[in-house]
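Remarks on the structure that follows.
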Amino acid sequence: MWSFFGGRKAEPTAEVSSIFIYPIKSCRGISVSKAPIASTGFRWDRQWVIINSKGRAYTQRVEPKLALIEIQLPNEAFTDDWEPTNTSYLVLRAPGMNELKVSMKSSGKVIDGVTVWEWSGSALDEGAEASEWFSNYIGKPSRLVRFIEGSETRAVDPEYARGYRTMFSDGFPFMLLSQGSLNALNELFKEPFPVNRFRPNILVDGCLPYAEDLWTEIKINNLTFYGVKLCARCKIPTINQENGIAGSEPTEMLMKVRSDKVLRPNGKHRGKVYFGQNLVCKESLTRGKSKVLKVGDPVYVLKKVSSVADAAV
């Protein structure tokens, strides 16, 4: 497939091979064939978060068993313009727990003092039944809360992408990873790591390993995405998403091949490792329909930096 940009014919560099949505921060993701884009990223992505008694977000960094919570949404939830009804639910399952259904219709009370990293604001409490379920599963007082799109704003770091917003993701609306990068990393191990260790939103295939490091502007299905910052990895890739047990890899290997010291030898070193690219979507800033990404969409690279040392971190 070819396309034309600026009057010149362009061949795609890759194509979208998988799309992942993570409705509840740090819980298991959902693989979908298409996903509508909202003002904060993919619709439903990190719209919910589990908080402790002080309102602070839980993540797998301190509660790795969150990896075992499976989430099911109605299939039609990923159709453009779909709105939940009174019978639309998040269905949650976890080892040793009864199934929990959480209404997708916003109806709970507003609670204040919810914090995710640097952000603090109000959120919608999903009620006593959800609180009891998560408190029993985690073993500590917990509540499930939902981001209030109508009244709350959580801005992306303006140093990297001024004017963009996200919900409860760590920092940016989208994270893209290539299959080539995952394959290159897995060549260094006897047992390959599955993609769920790295929790991308968009997995692309067909490009060279780590090609996404360089992308600063790409086009997918007539949507413009800007690569704004290499994704610095935390502890979560070391947590086995099938059993919630943490190890030392792949982070130890990433320190050898993907640290700031290796990638940017002349830059400032903070002991970070990078794997994947954080994105924002230009069209998320404007209203309008048919902003949907689909598996199989070609990826056109419009702008890129010349080397990883020139990429923003």
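Rounded to the nearest whole Hz, the Karplus-based 3J(HN,Hα) values (6.51 cos²θ - 1.76 cosθ + 1.60, θ = phi - 60°) of the stretch 143-158 follow the sequence 9, 9, 10, 10, 5, 9, 5, x, 10, 10, 10, 10, 7, 6, 3, x, with x at glycine and proline.
Of all the accessible heavy-atom surface of the stretch 1-154, with the other protein chains kept in place and a 1.4 Å probe, what percent is carbon and sulfur? That fraction is 47 percent.
Working note: 222 nm ellipticity from helices only, DSSP H runs with n ≥ 4, each -39,500 (n - 2.57), summed and divided by the residues of the chain, gives -2500 deg cm²/dmol to the nearest 500. Here the 3J(HN,Hα) profile of the stretch 121-135, calculated from phi with Karplus coefficients 6.51, -1.76 and 1.60 at θ = phi - 60°, is x, 9, 8, 9, 6, 8, x, 5, 5, 5, 4, 5, 4, 6, 4 Hz, Gly and Pro shown as x.
Give me the accessible area per residue for the chain, probe 1.4 Å, as a whole number in Å². I get 46 Å² per residue for the chain. Place a point 7 Å from the Cα of E11 along the Cα-to-Cβ direction; which residues of the stretch 285-310 have their backbone N under 16 Å from it? Of the residues in the stretch 285-310, 298-302 have backbone N under 16 Å from the label point off E11.
Taking every DSSP beta bridge that has both ends in the stretch 133-274, the antiparallel portion is near 70%.
With the cut-off at 1.5 for a/c, could you classify the stretch 161-275 from its C-alpha gyration tensor as rounded, prolate or oblate?
Verdict is rounded for the stretch 161-275.
When the surface is traced with a 1.4 Å probe over the full set of protein chains, M255 keeps roughly 80 Å² accessible.
Stretching I111 away from V257 to a fully extended chain increases their span by 48.2 nm, per 0.36 nm per residue minus the current alpha-carbon distance.
Here the gap between N222 and A155, fully extended at 0.36 nm per residue and compared with their Cα-Cα distance, gives a gain of 21.7 nm.
Annotated for the stretch 238-309: lysine pairs at least 8 residues apart or interchain, Cα distance under 16 Å, count 4. Placing a label point 7 Å from the Cα of K190 along the Cα-to-Cβ direction, the residues of the stretch 229-265 with a backbone N closer than 15 Å are 249.
In this label model, R162 and V91 are separated by 4.7 nm, measuring between points 7 Å along each Cα→Cβ vector. Placing pseudo-labels 7 Å out from each Cα toward the beta carbon at K235 and H269 gives an inter-label distance of 2.4 nm. Near W215, once Lys and Arg are set to +1 and Asp and Glu to -1 for all other residues with Cβ below 13 Å from its Cβ, the sum equals 0. Across the protein chains, with a 1.4 Å probe defining accessible surface, the residues L144, L285 rank L285, L144 from largest area downward. Per atom type, the stretch 172-313 shows carbon and sulfur on 51% of its accessible surface, probed at 1.4 Å.
The aspartates and glutamates within cross-link reach of K65, meaning a Cα-to-Cα straight distance under 15 Å and a gap of 8 or more places when in the same chain, are E242. In this structure, the amide hydrogen of A14, modeled 1.01 Å from its nitrogen in the peptide plane, lies closer than 5 angstrom to those of V299, counting only residues at least 5 positions away or on a different chain.
Ranked from largest to smallest solvent-accessible area, with a 1.4 Å probe on the protein heavy atoms, K291, K190, K304 come out as K190, K304, K291.
Between E249 and S33, full extension at 0.36 nm per residue minus the direct alpha carbon distance yields a gain of 74.8 nm.
The simple spin-label model puts a point 7 Å past each Cα toward its Cβ; for L285 and N183 those points are separated by 3.6 nm. Among G55, G171, G288, the residue with the largest mean-square fluctuation in a Gaussian network model of the chain, with springs joining Cα atoms closer than 10 Å, is G288.
The values are calculated or read from the model by the stated rules, or taken from the named source; none is laboratory data. Model, not experiment: these values are computed from the prediction. Using ideal geometry, Cβ is built from the backbone for each residue, glycine included, and neighbour counts are taken over all protein chains shown. In case anyone asks, the SASA skips ligands and DNA or RNA and just uses the protein heavy atoms, side chains included. Shrake-Rupley method; radii C 1.70, N 1.55, O 1.52, S 1.80 Å.
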